[in-house]
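The values are calculated or read from the model by the stated rules, or taken from the named source; none is laboratory data. Since we're looking at a predicted model, the values are computed, not measured. When we count neighbours, we look across all protein chains shown, and the Cβ atoms used for this are built from the backbone with ideal geometry, even at glycine.
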Amino acid sequence: MRVISQRYPDICIEGENYLPRPIYRHIASFLSIFKLVLIGLIIAGKDPFGFCGMQAPSIWQWGQENKVCACLMVFFLSNMIENQCMSTGAFEITLNDVPLVQILDNEMKLHVHMDSTPHHCS
């Protein structure tokens, strides 16, 4: 970004994040808390299924035998899902406060008028 500012000092570059829909934010928050609780249960060796009077599934038994691998798997898989929930992919490009391209809510809008855009040949 510094190279662009040095080469083109008149260009103003600004950035900010667009928030995802509230349902996706809530899902990501729930997953973040659930991930920490699940990793804590794996490390502590507690069986949450025993509290409910159920038999532990085989994946839980495998996780208790392979705690490091299970914790890493829970961490990375939940982070992948959280990132998908929080990513909007939204952006917009403006030139002299005139919007050229917008992508919001997975819908691309082009605002380019060929007659009004100056062409510079170098």
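Please indicate, with yes or no, whether at least one residue in region 30-51 is closer than 30 Å to residue 99 by Cβ, in a helix (DSSP H, G or I), without any contact (Cβ under 8 Å) to a residue 60 or more places away in the chain and not acidic (Asp, Glu). Checked region 30-51: no residue is closer than 30 Å to residue 99 by Cβ, in a helix (DSSP H, G or I), without any contact (Cβ under 8 Å) to a residue 60 or more places away in the chain and not acidic (Asp, Glu).
For residue 93, the conditions (1) modelled with pLDDT of 75 or more; (2) under 30 Å from residue 31 (Cα atoms); (3) aliphatic (A, V, I, L, M); (4) assigned by TED's automatic domain parsing to the domain that holds residue 10 all hold with the exception of (2). Total residues in region 57-91 satisfying the condition of being surrounded by 14 or more Cβ atoms within 10 Å (Cβ to Cβ) and not in a helix (DSSP H, G or I): the figure is 2.
For region 13-32, a residue qualifies if it is among the hydrophobic types (A, V, I, L, M, F, W, C) and surrounded by fewer than 10 Cβ atoms within 10 Å (Cβ to Cβ), and the qualifying residues are 13, 23.
Annotation: residue 29 fulfils all but one of (1) under 31 Å from the mean Cα position of the chain (by Cα); (2) at pLDDT below 95; the unmet one is (2).
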